1. Looking at the structure I just gave you, is Ser30 on the phi > 0 side of the Ramachandran plot and either touching a strand residue (DSSP E or B) at 6+ places or on another chain (Cβ under 9 Å) or among the aromatic types (Phe, Trp, Tyr) (or both)?
2. Out of all the residues in the range 19-41, which are assigned to a strand (DSSP E or B) and surrounded by fewer than 19 Cβ atoms within 10 Å (Cβ to Cβ)?
3. Taking the condition of being surrounded by 15 or more Cβ atoms within 10 Å (Cβ to Cβ), at pLDDT 95 or above and of a type in the set (Ser, Thr, Tyr), how many residues in the range 80-117 meet it?
4. From Tyr32, Tyr37, grab the single residue that is touching a residue at least 60 places away in the same chain (Cβ under 8 Å) and aromatic (Phe, Trp, Tyr).
5. Condition first: more than 18 Å from Val63 (Cα to Cα) and small (Gly, Ala, Ser). Now tell me which residues in the range 23-52 satisfy that.
6. Counting only residues that are under 19 Å from Cys95 (Cβ atoms) and assigned to a loop (DSSP other than H, G, I, E, B), which one in the range 8-18 is farthest from the chain's Cα centre (by Cα)?
7. Would you check if there is a residue in the range 26-38 being farther than 15 Å from Gly112 by Cβ and aliphatic (A, V, I, L, M)?
8. Out of all the residues in the range 55-66, which are open to solvent by less than 70 Å² (accessible area, probe 1.4 Å) and free of Cβ contacts under 8 Å to residues at least 24 places away in the same chain?
Amino acid sequence: QVHLVESGGGLVQAGGSLRLSCAASRSIFSIYTMAWYRQAPGKQRELVAAMTDGGTANYADSVKGRFLISRGTAKNTLYLQINSLKPEDTAVYYCNVWGRTIVGGTVDDYWGQGTQVSVSS
């Protein structure tokens, strides 16, 4: 019933920048955590950036200082600004949100379809 749509990925030369976007098709109630994950070929999915409902952000050491997670003015939008891209940043990036879609319902996690980021050396 709820879909997270990601965009902004592409082919970029090392040192370049990208801005990933995540938009929900409908509002999600009582959001607890918003995050970006990535999965490179042959590797497990890893958390790269997360933001609590209070706005506190945390980053993986490998991306700290280069990545910036932010929430849009609209409550159902999430962004990831990626600067100084490196070849090792190449991966499929996924948006993840924990929250409710039904008042009084359970808290569930929602995932986007992923957007490909490819960085050439």
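1. On the way: on the phi > 0 side of the Ramachandran plot: yes; either touching a strand residue (DSSP E or B) at 6+ places or on another chain (Cβ under 9 Å) or among the aromatic types (Phe, Trp, Tyr) (or both): yes.
Answer is yes for this residue.
2. In the first step, residues of the range 19-41 are kept if they are assigned to a strand (DSSP E or B); the result is 19-24, 29-39.
Within the range 19-41, Arg19, Ser21, Ala23, Phe29, Ser30, Tyr32, Thr33, Gln39 meet the criteria.
3. The number of residues fulfilling the criteria is 4.
4. Numbers: Tyr37 fails: touching a residue at least 60 places away in the same chain (Cβ under 8 Å).
The conditions single out Tyr32.
5. Those that are more than 18 Å from Val63 (Cα to Cα) and small (Gly, Ala, Ser): Ala23, Ala24, Ser25, Ser27, Ser30, Gly42.
6. Ser17
7. Quick first cut of the range 26-38, residues farther than 15 Å from Gly112 by Cβ only: 27, 29-30, 32.
Now restrict to residues that are aliphatic (A, V, I, L, M): none.
No: the range 26-38 contains no residue that is farther than 15 Å from Gly112 by Cβ and aliphatic (A, V, I, L, M).
8. Within the range 55-66, the first condition is being open to solvent by less than 70 Å² (accessible area, probe 1.4 Å), and the residues that meet it are 55, 57, 59-60, 62-63, 66.
Matches in the range 55-66: Gly55, Ala57, Tyr59, Ala60, Arg66.
The values are calculated or read from the model by the stated rules, or taken from the named source; none is laboratory data. Given the structure is predicted, the values throughout are model-derived calculations rather than measurements. Using ideal geometry, Cβ is built from the backbone for each residue, glycine included, and neighbour counts are taken over all protein chains shown. What goes into the accessible areas is simple: the full protein's heavy atoms, side chains included, and nothing from ligands, DNA or RNA. Shrake-Rupley method; radii C 1.70, N 1.55, O 1.52, S 1.80 Å.
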